[in-house]
Amino acid sequence: MKIAVIQGPNLNMLGVRDTQVYGPMRLEQIHAQMKDFAGQNGIEVDFYQSNLEGEIVDKIQECYGDADGIIINPAAYTHTSIAIRDAISAVNIPTIEVHISNIYRREEFRQKSMTAPVCTSSIIGFGPFGYHLAMVGMMQILSEIQAMQRAQQEATQE
Ligand code: DQA
């Protein structure tokens, strides 16, 4: 089982950037914790960060046929990017959107997500712990899909 973790613009600055909003943890630390947890559960994780919209679109497209699930924080592109929304929709892979901060308690322009409506679910406002919750959530989603596929296979064999 493989999960792609895709991080949008300025998330490479975590630990330096707006620490009163995003906390002191660096992206590498968040990824190290996720990798440990994934390893304990026999899951492969692929981490990616880009500040460029087109590169994020490319990465989502690369997940097609390669990743079983996507955990994405599109960062500022959340609020603007039809291209990232369309890419998520196109690959049709279970996708969880994560936001470290509670975007609904912030400026009005952050309160609209272009991408959330095409994601399976969203985890918002738990700080960096949200990424761990997303891993747990993704494992649940993928095991439900596997169980459904098994049941369908059994039904066709009968
Ligand atoms: C963010 C929220 C966005 O509004 C912001 O542009 C970010 C981070 C979050 O994780 O809380 O870069 O996605």
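Here, each number is a calculation from the coordinates, and none is a lab measurement. Here the structure is a predicted model, which is why all the values come from computation and not from measurement. Because the Cβ atoms are built from the backbone with ideal geometry, glycine has one as well, and the counts that use them run over all protein chains shown.
Things to note:
- Within the range 112-138, being among the polar types (S, T, N, Q) and outside any strand (DSSP E or B) holds for 113, 115, 120.
- Residue within the range 129-145 that is surrounded by 15 or more Cβ atoms within 10 Å (Cβ to Cβ) and either charged (D, E, K, R) or within 11 Å of the ligand (Cβ to nearest atom) (or both) present: yes
- On inspection, residue 156 does not qualify as farther than 24 Å from residue 32 by Cα and touching a residue at least 24 places away in the same chain (Cβ under 8 Å).
- Of all positions in the range 8-23, none carries a residue that is within 13 Å of the ligand (Cβ to nearest atom), farther than 18 Å from residue 128 by Cβ, aliphatic (A, V, I, L, M) and in contact with a helix residue (DSSP H, G or I) (Cβ under 9 Å, 6 or more places away or on another chain).
- Residue 109 fulfils the conditions (1) within 10 Å of the ligand (Cβ to nearest atom); (2) on the phi > 0 side of the Ramachandran plot except for a single criterion, (2).
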